[in-house]
Structures are given as structure tokens and as C-alpha cells.
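Let me begin by presenting the structure, written as C-alpha cells, before commenting on it.
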Amino acid sequence: MKFVYIGIGGAIGSILRYAVAGVAQKLVNPIFPFGTLVVNMLGSLAIGFLWDAFERTLIPPGLRTFTLIGLLGAFTTFSTYSLESFSLMRDGEYRLAIINILASNILCLAMVFAGFFLSRFIYGFGR
């Protein structure tokens with residue numbers, strides 16, 4: 001059953017990624033991969049928040065698998081980020097490549113922390 005939850009979550013997450021990244025990309029410079037950065041930041045915020053929230057509440061294992069592995073695993077994308085960074089370097093856009101690499105790593109890690117502490121704030125710091 002785990003594979004079914006992951007598959008359904010993955011299908012929904014990948015469709016959401018395509019939609020959110022497309023909208024975000026249209027709002028800014030088409031050279032910089034802003035759409036991927038946005039979905040990875042949102043996914044990082046969500047996984048930080050939900051991981052802590054799920055630790056505090058009785059969440060069925062299937063829902064946890066569906067959400068954290070399926071939905072958010074497909075919504076965020078390390079491979080696309082890597083390809084876009086490589087493509088920027090290949091095209092001689094070294095400054096944008098470095099910005100993308102630093103922004104993606106620093107901001108996404110910061111979003112995991114933000115999500116975690118937002119959950120702690122909402123649900124209380126004690127377990």
C-alpha cells in the first residue's frame with residue numbers, strides 16, 4: 001500500500017510543481033530558473049513544518065508517506081535544479097549559476113528551519 005500512497009502523492013506533487021514553477025517563472029527573468037527555486041523553497045518550508053507537525057500528532061503512516069515522500073518528494077526537484085545550474089554554466093552565465101546554487105542551498109535549508117520553527121510556534125515548543 002505504501003507504493004500506492006507514494007505514487008498518488010507523486011502524481012499530484014509533480015503536477016503541482018509544473019503549475020507553480022510555470023507561474024513563478026513567468027513572473028521574472030526567463031534566464032534565471034526562478035520557478036524551480038520557488039517550488040524547492042515552498043517544498044522545503046512545507047517539509048520542515050509538516051515533519052514537526054506529524055511528530056506531534058497522530059497521523060496515519062499512509063498519510064505521512066503520501067505527503068512527505070510522494071507529494072513533497074515530487075513537488076521539489078534536485079535534478080532540475082542541478083540541470084538548470086549546469087545549463088547556466090554551459091551558457092556562460094556563471095554569475096547566475098553561482099547565485100542559483102547559493103540561493104537554492106541556503107534559502108531551501110533556511111525554509112526547512114522556518115517550517116520547523118513555525119510548526120513549533122503554532123503547536124507549542126513542548127512535545
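The table below gives the values:
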| read-out | value |
| --- | --- |
| Helices (runs of 4 or more DSSP H) fully within segment 71-127 counting 1 or more residues that are exposed (fewer than 13 other Cβ atoms within 10 Å of the Cβ), of a type in the set (S, T, N, Q) and on the phi < 0 side of the Ramachandran plot | 78-90, 94-123 |
| Check on I12, farther than 19 Å from S119 by Cβ, more than 15 Å from the chain's Cα centre (by Cα) and in contact (Cβ under 8 Å) with a residue 40 or more places away in the chain | no |
| Those residues of segment 49-84 which are among the β-branched types (V, I, T), more than 25 Å from A24 (Cα to Cα) and either within 14 Å of the chain's Cα centre (by Cα) or modelled with pLDDT under 95 (or both), in sequence order | T57, I59 |
| For N29: the one exception among (1) outside any helix (DSSP H, G or I); (2) touching a Lys or Arg at 6+ places or on another chain (Cβ under 8 Å) | (2) |
| Residue match in segment 36-43 (condition: of a type outside the set (K, R), in a loop (DSSP other than H, G, I, E, B) and buried (at least 16 other Cβ atoms within 10 Å of the Cβ)) | no |
| Positions within segment 27-68 being in contact with a Ser or Thr (Cβ under 9 Å, 6 or more places away or on another chain) and among the aliphatic types (A, V, I, L, M), in sequence order | L37, V39, M41, L42, A46, I47, L50, A53, I59 |
| Residue within segment 50-59 that is out of contact with any strand residue (DSSP E or B) (no Cβ under 8 Å at 6 or more places or on another chain) and closer than 28 Å to G92 by Cβ present | no |
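The values are calculated or read from the model by the stated rules, or taken from the named source; none is laboratory data. Treat the numbers as computed from the prediction; the structure is a model and nothing was measured. Neighbour counts run over all protein chains shown; Cβ positions are idealised from the backbone, glycine included.
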